[in-house]
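Here the structure is laid out as structure tokens; the discussion comes afterwards.
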Amino acid sequence: MRDTWDSFVLVDTPGQIEVFTWSASGQIISDSFACTYPTVVTYVADTVRCQSVTTFMSNMLYALSIMYKTKLPLLVTFNKIDVAPHQFAIDWVRDYEKFEVRHRGLTPERRRRSRKTNLTEAP
């Protein structure tokens, strides 16, 4: 039974991910794991909050920045799927047009503000 427990190690980083990802100590810890073990970074996105197209895109861009910073494989996971349906997130990741349709449904002011940070085009 012990061999099974040694197969995987999950490490929950302390504090806010921003502090861990962009600090020297966070880089040292990430590099140490990556040099010693097969390592995958998991980014946990809040499914309830990601129903907002702006929050969803912000999370995806932040996850990408972590992947490029750490140079490690990245797994994006959505939590709280027992509270909110998660199919929208799968659809938006697989089909950008579905995301864009939802984005067009925003008010003109919110769409204008979100365009500044998202990868969407003006209509």
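The values are calculated or read from the model by the stated rules, or taken from the named source; none is laboratory data. Computed from a predicted model, the values in this text were never measured in an experiment. No Cβ is skipped: glycine too gets one built from the backbone with ideal geometry, and neighbour counts run over all protein chains shown. Please note that ligands, DNA and RNA were not included when accessible areas were found on the heavy atoms of the full protein model with its side chains. Shrake-Rupley method; radii C 1.70, N 1.55, O 1.52, S 1.80 Å.
What FRET efficiency comes out for the pair Val101/Gln51, r = Cβ-Cβ distance, R0 = 22 Å, nearest 0.05?
Values: r = 14 Å, r/R0 = 0.65.
My answer for the efficiency is 0.95.
Pull up all non-local amide H partners of Ala45: gap of 5 or more, or a different chain, and H-to-H distance under 5 Å with H placed in the peptide plane.
Close amide H contacts, sequence-distant or interchain: Thr77, Phe78, Asn79.
Please work out the average accessible area per residue across the range 40-88, using the 1.4 Å probe convention, and give it in Å². Mind dumping the intermediate values first?
Working: 2780 Å² over 49 residues.
For the range 40-88, the solvent-accessible area averages 57 Å² per residue.
How many nm separate the modelled label positions at Asn79 and Asp91, each set 7 Å beyond the Cα in the direction of the Cβ?
In this crude spin-label approximation the distance works out to 2.5 nm.
Tell me the Rg and the Dmax, in Å, that the Cα atoms of the range 41-80 produce.
10.1, 28
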